[in-house]
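The structure under discussion appears below in the form of structure tokens.
The values are calculated or read from the model by the stated rules, or taken from the named source; none is laboratory data. A quick note: this is a predicted structure, and the numbers were derived from the prediction, not measured. Cβ: placed from backbone, ideal geometry, glycine included. Neighbour counts: every protein chain shown. To get the accessible areas, we keep the full protein, side chains included, count just its heavy atoms, and leave off ligands, DNA and RNA. Shrake-Rupley method; radii C 1.70, N 1.55, O 1.52, S 1.80 Å.
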Amino acid sequence: MSYTGRFAPSPSGRLHYGSLICALGSYLVAKHFHGRILLRIEDLDFYRCKKEYTTQIIEELNSLGFEYDEPPYIQSEHTEVYEKAIKALLEKNKAFYCDCTRAKIKETPCTCYQRQQELDLSKPHSVRYRLDGIENIFDDFLQGKVKTTFNENTLVLKRADGMIAYNLACVVDDIRQGVTQVVRGSDLTDITPAQMCLYKDFKAKDVSYLHLPLVLEDEKHKLSKQNLAKPVLDLDTKENLLISALEFLGQDISRIYVNSGCKGILNKAIESFDIKRINSLPKLCPYL
Ligand code: GLU
């Protein structure tokens, strides 16, 4: 079977060290399996994402030597596709309208699907998805059986302010783009079974998942843009960053040299890549 992977950053800031790990991990696995690797910009969060970050992220990846097999796919240019997918789920009664506030949903599970006729759709409302038969365990390519703690009965697909939710867009696009394996950070393991339910309802073949080790900024917190992680390209030379990221992923770097340049380093890394060397436990960012 042919392999298609993807890297799907959200342009809510420049790339940070955690993004570099995901960019490199997804790239190496795809190239190792002689597959294709796509770049998808997940910019549907109109409060946090900015066009200038999209441009910067694309330039940064390019300058690090990553070569993608198609031009970047920008989610905000495809909103009609997500609307269509939501409509299809509504028609199948898998999705429903909801007028709960976020505060209310935090306290009590949403049951709006029982009162669809009473809802006043001229008032702000969201669209939610019923998570029927969700299992809180799945097979991860790297970690084996992973138990998750996500225990909600519904998932937002479109918020009352019109924003399409990440989970819907991610699954719709992984299907449309023919992605066969999702390689991403372990911060998304918990939501994976919910995404798998969506896959089933779209009658798509399951993809396989590989969750990479999280990059920590201290013993308890993952490195993230919300925690103001520094832009990775401000931390070191590009070649040193790639080598450090390879080490973070447990790879043998004994025959990888700074003076081969980024493309040279990536080519060597693809050649010697060994998935089994990745240790899935979270690790501190080496640039703290
Ligand atoms: N856009 C998500 C992020 O930057 C990644 C989504 C995914 O890989 O499924 O965290």
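Checking each residue in region 154-213 for being closer than 24 Å to Gly35 by Cα, in a loop (DSSP other than H, G, I, E, B) and under 13 Å from the mean Cα position of the chain (by Cα) picks out Val179, Thr189.
Every listed requirement among (1) open to solvent by 10 Å² or more (accessible area, probe 1.4 Å); (2) within 15 Å of the ligand (Cβ to nearest atom); (3) among the hydrophobic types (A, V, I, L, M, F, W, C) is met by Ala160 save one, (2).
Does any residue of region 129-136 turn out to be away from the ligand (no atom under 16 Å from the Cβ), open to solvent by 50 Å² or more (accessible area, probe 1.4 Å) and not in a loop (DSSP other than H, G, I, E, B)? Yes; the residues of region 129-136 include at least one that is away from the ligand (no atom under 16 Å from the Cβ), open to solvent by 50 Å² or more (accessible area, probe 1.4 Å) and not in a loop (DSSP other than H, G, I, E, B).
In this structure, does Glu42 turn out to be more than 17 Å from Ile275 (Cα to Cα), away from the ligand (no atom under 11 Å from the Cβ), at pLDDT 95 or above and not aromatic (Phe, Trp, Tyr)? Quick ask: steps written out before the conclusion?
Working: more than 17 Å from Ile275 (Cα to Cα): yes; away from the ligand (no atom under 11 Å from the Cβ): no; at pLDDT 95 or above: yes; not aromatic (Phe, Trp, Tyr): yes.
Against the criterion (more than 17 Å from Ile275 (Cα to Cα), away from the ligand (no atom under 11 Å from the Cβ), at pLDDT 95 or above and not aromatic (Phe, Trp, Tyr)), Glu42 does not qualify.
A search for C-beta distances below 9 Å between a residue of region 185-197 that is under 22 Å from Leu24 (Cβ atoms) and any residue that is in a helix (DSSP H, G or I) and more than 9 Å from the ligand (Cβ to nearest atom), counting only pairs 6+ apart in sequence or on different chains, returns Gly185/Ile21; Gly185/Gly25. The condition (being of a type in the set (Val, Ile, Thr), over 21 Å from Lys230 (Cβ atoms) and within 16 Å of the ligand (Cβ to nearest atom)) is satisfied by just one residue among Thr4, Thr111, Thr101, Thr54: Thr4. Of Ile270, Ile256, all but one fail to be open to solvent by less than 50 Å² (accessible area, probe 1.4 Å) and assigned to a loop (DSSP other than H, G, I, E, B); the exception is Ile256.
Does at least one position in region 218-230 carry a residue that is open to solvent by 50 Å² or more (accessible area, probe 1.4 Å) and at pLDDT 95 or above? No, there is no match, as no residue in region 218-230 is open to solvent by 50 Å² or more (accessible area, probe 1.4 Å) and at pLDDT 95 or above.
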